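K.L.:
So that we are looking at the same thing, I have put the structure below in structure tokens.
The values are calculated or read from the model by the stated rules, or taken from the named source; none is laboratory data. Not measured: the values here are computed from a predicted model. Note: ideal-geometry Cβ built from the backbone for every residue, glycine included; neighbour counts use all protein chains shown.
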Amino acid sequence: MCNWLLLQQKIVVKVTMTNEKKIRKALKIAVSLSGVESASFIGSDKSQIAVTGECVDSVELAILLRKGVGYTELVSVGPVEVKKPAAAKLTVAPLHQKIVVKVTMCSEKKTRTALKIAVGISGVESASFVGSDKDQIAVTGEGIDSVELATLLRKGVGYTELVSVGPVEEKKPAAGVETKPTVVLPYAHPYQYYYNNYGWPCQISSKEQKIVVKITMHNEKKIRKALKIAVSLSGVESASFVGSDKTQIAVTGEDVDSVELVTLLRKGVGYTELVSVGPVEEKKPAAAKETKPTVAPLYVNPYQYYYGSYGTPFYAY
């Protein structure tokens with residue numbers, strides 16, 4: 001029984017991890033404990049793991065990490081700071097969504113095939129090329145399965161990366177402001193004609209992103225397995241439950257393959273839906289308060305100037 005621990009607690013441990021395999025294993029061990037709701041790397045050198053949840057046994061966590069990974073030290077154990085919820089606003093769930101994918105297309109034939117695949121998916125209302133080099137496709141519609149879209153494009157065209165998934169933003173035109181259209185010149189790669197016959201080399205820039213998925217989980221075993229799958233992917237730095245009903249998992253990291261994540265979760269846990277994919281929002285640091293320097297009063301001996309050359313007599317003190 002741990003009734004006194006029913007409040008949310010946060011445990012921070014420092015683990016000696018020598019390679020990528022140990023890092024993946026450490027996160028798997030952390031999320032396998034009963035009551036754990038999130039586990040993420042913290043610190044500049046990513047050598048610490050912050051675990052939050054209810055009734056988490058910090059001693060058991062440290063022992064398992066020492067056995068399976070390396071020397072583990074408990075840094076801190078305490079309650080989670082409760083954030084004051086913002087005032088609730090009545091919002092209507094958006095019906096239309098926009099999905100942007102980046103596709104490796106080597107020829108005109110591949111370009112046509114990519115658009116055919118995009119518009120052939122159920123719910124799609126529009127599909128168009130975006131970006132200066134026309135290597136991205138923006139798809140809008142209702143109830144589109146972004147994972148199915150990326151999977152079909154990978155099979156039929158080439159490597160496909162999900163850039164963003166979210167609601168369609170309604171642009172309100174500003175009154176009385178004239179805007180001139182900007183002309184974007186297409187970028188011509190110097191080796192375009194050389195690579196068109198052999199395929200473009202796959203180079204993905206490293207970027208930190210946040211992926212939110214909604215999963216059908218029926219029991220505690222499925223919940224543990226879902227977190228284990230999430231942290232097992234290369235590049236994942238944190239995985240945590242979000243939402244009031246704890247049916248969504250937010251995953252953050254660098255170059256995380258959202259399609260692979262959803263595919264593995266569908267196979268191992270249950271039906272999984274991609275809620276959003278996008279960059280991690282950077283928190284603005286709080287403005288530093290200016291502190292005025294304190295001036296200490298200077299003590300002057302009243303006999304200093306009179307007896308300066310001969311020294312102050314003993315009776316002057």
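K.L.:
Could you list, in sequence order, the residues of the stretch 257-268 that are without any contact (Cβ under 8 Å) to a residue 60 or more places away in the chain and buried (at least 23 other Cβ atoms within 10 Å of the Cβ)?
P.N.:
Those that are without any contact (Cβ under 8 Å) to a residue 60 or more places away in the chain and buried (at least 23 other Cβ atoms within 10 Å of the Cβ): L261, L265.
K.L.:
Could you look through the stretch 252-285, keep only residues that are of a type in the set (D, E, K, R) and modelled with pLDDT of 85 or more, and pick out the one that is farthest from S232 (Cα to Cα)? Give the steps one after another, and end with the answer.
P.N.:
If we filter the stretch 252-285 for residues that are of a type in the set (D, E, K, R), which is where we start, we get 254-255, 257, 260, 266-267, 273, 281-284.
Next cut, modelled with pLDDT of 85 or more only: 254, 257, 260, 266-267, 273.
Values: E254: 13, D257: 12, E260: 11, R266: 15, K267: 14, E273: 19 Å.
This residue is E273.
Okay, residues lined up against (1) at pLDDT below 85; (2) among the basic types (K, R); (3) in contact with a Gly (Cβ under 9 Å, 6 or more places away or on another chain):
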position	(1), (2), (3)
V82	yes, no, no
T91	yes, no, no
K102	no, yes, yes
E125	yes, no, yes
L152	no, no, yes
E170	yes, no, no
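K.L.:
As an exercise: evaluate V147 against (1) in a helix (DSSP H, G or I); (2) more than 19 Å from H96 (Cβ to Cβ); (3) at pLDDT 85 or above and give the number of the one condition it does not meet.
P.N.:
Answer for V147: the failing condition is (2).
K.L.:
Turning to a different aspect of this structure: Given the condition aromatic (F, W, Y), loosely packed, with under 13 Cβ neighbours inside 10 Å and at pLDDT 85 or above, answer yes or no: does some residue in the stretch 53-75 qualify? It would help to see each step written out before you state the result.
P.N.:
First pass over the stretch 53-75, keeping only residues aromatic (F, W, Y): 71.
Then keep just the ones that are loosely packed, with under 13 Cβ neighbours inside 10 Å; that gives 71.
Still in the list and also at pLDDT 85 or above: 71.
Yes, the stretch 53-75 contains a residue that is aromatic (F, W, Y), loosely packed, with under 13 Cβ neighbours inside 10 Å and at pLDDT 85 or above.
K.L.:
Can you tell me which of (1) of a type outside the set (K, R); (2) surrounded by fewer than 17 Cβ atoms within 10 Å (Cβ to Cβ); (3) modelled with pLDDT under 85 is the one L233 doesn't meet?
P.N.:
So L233 meets the others, but not (2).
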